[in-house]
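Have a look at the structure below before the remarks.
The values are calculated or read from the model by the stated rules, or taken from the named source; none is laboratory data. Predicted model, so just to flag it, every value in this text is computed and none were measured. Cβ placement follows ideal geometry from the backbone for every residue including glycine, while neighbour counts extend to all protein chains displayed.
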Amino acid sequence: MNEKGLFLSLSLMVLLLAACSGNNAGGGDNPSMAAGQGAGGHDGAAGTLGGSGQPPAKEADAEAAGRKEGDGEQSGPVKLVFATVNPSAQLKASVKKYESLHPNVTIELTYTQTEFKDITSQEANIEKYITTTNAAMLAGKGPDLLELDLLPVDKYANRHLLADLNGLMEQDVSFKKSDYFANVLDNSEIGGGLYAMPLSYYLYGLIGDSGAIGKTGTQIDDKNWTWDEFSDVAKQLAQKGGNTTVLLSSPDYLLGEMVSENYPLYVDEANRKAKFASPAFTGLLQRIKTMFDEGIAEQVERSAGKGSIATYFQDMPVQSLSDYLYVMDAYEGHAKLYTKPHMPELGPGGYFQTNQTVGINASSPFKEEAWQFIAFLAAEEAVTVPADNTAVNYSISDISFGGFPISRIAYNKQIEQARKAGTVSTLPNGPADGVTVTADGPQLDQLDDYLTGAVHAVGKPSRIDEIVSEESEAYFKGQKSAEDVAKLIQNKVALYLNE
């Protein structure tokens with residue numbers, strides 16, 4: 001493998017750091033905000049959000065803002081409060097542009113952090129955002145719009161604290177779902193409703209050395225393979241090929257990925273029940289441990305210091321077009337993106353994780369106006385990171401302001417520009433600092449298939465992930481049995497779900 005193997009390993013850590021940083025948005029000093037953690041497939045820190053029920057009525061001063069919801073055309077200016085942890089330069093620029101196009105609308109960004117200082121301060125700001133937003137939402141107050149990447153979307157939806165965006169989409173004659181990656185939108189729903197609009201998303205897959213795999217004669221049907229079939233393929237590759245390591249990852253990371261990717265198998269969100277004390281989960285633990293014990297899988301921590309390791313696959317996210325093209329130059333240019341194996345219960349298909357998710361407070365008197373701004377952000381074609389991200393004092397959220405745009409029109413324009421130029425530059429100040437990479441036509445064609453074939457939502461980091469990681473360590477170190485660990489996880493997750 002060439003030097004880009006190190007980048008592949010580091011990308012795993014960068015994504016986790018980006019997730020903890022709140023991506024591109026954040027929350028505010030304003031006491032009218034609310035909270036949790038996690039989104040997408042599962043929720044985050046719940047606090048007092050367990051259970052279900054209707055939110056308290058909001059006594060909003062809608063008349064002072066121009067009109068009450070349902071009164072028809074507004075009679076005066078509208079002010080939308082948008083809560084984030086740390087708004088990116090791109091979001092600020094989009095607000096200014098939208099306000100210039102809609103003089104009667106003012107968008108106030110409220111947030112807890114103005115610049116990135118260190119991880120400790122970032123964690124404190126995130127916690128502040130979560131706590132204040134949570135309290136406000138439970139009180140029937142809160143902002144009109146809120147960035148949801150760090151908040152418990154499932155629990156908000158169960159308590160009817162967020163507006164269902166599907167209805168607003170249907171009412172908006174200018175919004176055409178065919179202009180967006182509908183596979184992502186449809187599979188981001190909770191109980192039939194879309195409560196968090198993703199402005200972008202990441203792909204999750206395996207980056208493989210297609211050249212080395214081809215030499216072994218091993219046939220791979222990555223569109224349909226399960227983890228059991230992957231284990232069979234891994235053994236064949238280890239026996240036939242020159243590489244002894246098949247997968248570059250780590251036990252806790254791989255377990256966390258599998259739980260997040262197959263969340264419905266382990267958590268019944270609707271009934272607040274955990275399902276970890278099961279043969280399926282203990283079997284998963286045993287499968288992962290066997291892969292590392294036999295050397296088929298290699299620890300990321302051990303490999304990162306080697307500079308190079310002969311491995312067939314690396315488990316990692318693909319966060320943008322430039323990211324994809326960059327990693328495709330790994331393995332001396334023989335890299336290929338493979339769909340991740342799936343659990344038989346969920347069926348085939350690729351994996352994605354939503355990014356930059358935005359929701360509307362169900363108590364907002366300006367839902368239609370709020371939706372119009374979300375639609376503007378989703379359709380925004382200026383999806384590249386703004387020029388001031390090249391400044392020295394960038395924030396960590398600016399690094400992660402990326403992903404594949406939810407707008408197919410914006411994505412198609414990216415592809416057209418890449419094909420015409422023949423090259424793409426990676427993000428300045430990122431892991432691959434402003435590197436120019438070749439935009440290969442066949443690779444771009446393959447990428448489109450993977451983007452449209454992604455149907456399994458990967459949940460974002462949550463307290464459940466922490467519990468699984470903390471308790472599974474004893475099993476991977478040989479200190480406890482899989483059954484004992486599964487029971488501990490079952491009990492702790494059950495307590496969390498019913499807090």
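When the residues of the stretch 297-337 are narrowed to those that are hydroxyl-bearing (Ser, Thr, Tyr) and buried (at least 21 other Cβ atoms within 10 Å of the Cβ), which ends up modelled with the lowest pLDDT?
SER303
Quick one: would you say ASN412 is modelled with pLDDT of 90 or more and either of a type in the set (Phe, Trp, Tyr) or closer than 24 Å to MET197 by Cα (or both)?
yes
Among the residues in the stretch 350-365, are any at pLDDT below 85 and either buried (at least 22 other Cβ atoms within 10 Å of the Cβ) or in contact with a strand residue (DSSP E or B) (Cβ under 9 Å, 6 or more places away or on another chain) (or both)?
no
Do you know which of the residues in the stretch 415-443 that are acidic (Asp, Glu) and surrounded by fewer than 14 Cβ atoms within 10 Å (Cβ to Cβ) is modelled with the lowest pLDDT?
By that ranking, first place goes to ASP433.
Look through ILE220, ILE207, ILE288, ILE213 and report the one residue that is surrounded by 14 or more Cβ atoms within 10 Å (Cβ to Cβ), hydrophobic (A, V, I, L, M, F, W, C) and within 30 Å of GLN90 (Cβ to Cβ).
Of ILE220, ILE207, ILE288, ILE213, the one residue that is surrounded by 14 or more Cβ atoms within 10 Å (Cβ to Cβ), hydrophobic (A, V, I, L, M, F, W, C) and within 30 Å of GLN90 (Cβ to Cβ) is ILE207.
Does PRO198 count as modelled with pLDDT of 90 or more, buried (at least 23 other Cβ atoms within 10 Å of the Cβ) and under 24 Å from ILE409 (Cα atoms)?
It is true that PRO198 is modelled with pLDDT of 90 or more, buried (at least 23 other Cβ atoms within 10 Å of the Cβ) and under 24 Å from ILE409 (Cα atoms).
Let's see how each residue does on (1) at pLDDT below 50; (2) part of a helix (DSSP H, G or I); (3) within 17 Å of LYS367 (Cα to Cα):
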| residue | (1), (2), (3) |
| --- | --- |
| ALA64 | yes, yes, yes |
| SER94 | no, yes, no |
| THR106 | no, no, yes |
| LEU109 | no, no, yes |
| GLN113 | no, no, no |
| THR120 | no, yes, no |
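Please go through the stretch 322-358 and pick out each residue that is of a type in the set (Asp, Glu) and closer than 30 Å to GLY242 by Cα.
Once the filter is applied, which keeps residues that are of a type in the set (Asp, Glu) and closer than 30 Å to GLY242 by Cα, the stretch 322-358 yields ASP323, ASP329, GLU332.
Any residue in the stretch 480-492 that is on the phi < 0 side of the Ramachandran plot sitting within a Cβ distance under 7 Å of a residue that is assigned to a helix (DSSP H, G or I) and of a type in the set (Gly, Ala, Ser)? List the pairs, counting only those 6 or more apart or interchain.
From the stretch 480-492, the pairs are LYS480/ALA474; VAL485/SER472; VAL485/ALA474.
Taking the stretch 317-360 only, how many residues are assigned to a loop (DSSP other than H, G, I, E, B) and not hydroxyl-bearing (Ser, Thr, Tyr)?
13
Do you know which residues across the stretch 75-91 are touching a helix residue (DSSP H, G or I) at 6+ places or on another chain (Cβ under 6 Å), surrounded by 24 or more Cβ atoms within 10 Å (Cβ to Cβ) and either modelled with pLDDT under 85 or not in a strand (DSSP E or B) (or both)?
ASN86, SER88
Could you list, in sequence order, all residues of the stretch 469-499 that are in contact with a helix residue (DSSP H, G or I) (Cβ under 9 Å, 6 or more places away or on another chain), among the aliphatic types (A, V, I, L, M) and surrounded by fewer than 16 Cβ atoms within 10 Å (Cβ to Cβ)?
Across the stretch 469-499, the qualifying residue is only ALA474.
Can you find, within the stretch 452-468, the residue that is modelled with the lowest pLDDT among those that are in contact with a strand residue (DSSP E or B) (Cβ under 9 Å, 6 or more places away or on another chain) and surrounded by 21 or more Cβ atoms within 10 Å (Cβ to Cβ)?
Here the answer is LYS460.
Among the residues of the stretch 241-293, which ones are outside any helix (DSSP H, G or I), more than 17 Å from GLY459 (Cβ to Cβ) and in contact (Cβ under 8 Å) with a residue 40 or more places away in the chain?
GLY241, GLY242, ASN243, THR244, THR245, VAL246, LEU247, LEU248, SER249, SER250, ALA277, SER278
At pLDDT 90 or above and within 23 Å of the chain's Cα centre (by Cα), is that true of LEU145?
yes
Run VAL468 past the list (1) touching an Asp or Glu at 6+ places or on another chain (Cβ under 7 Å); (2) under 23 Å from TYR253 (Cβ atoms) and report the number of the one that doesn't hold.
Single failed check for VAL468: (1).
Could you count how many residues in the stretch 338-349 are among the charged types (D, E, K, R) and crowded, with 21+ Cβ neighbours inside 10 Å?
Counting residues in the stretch 338-349 that are among the charged types (D, E, K, R) and crowded, with 21+ Cβ neighbours inside 10 Å gives 1.
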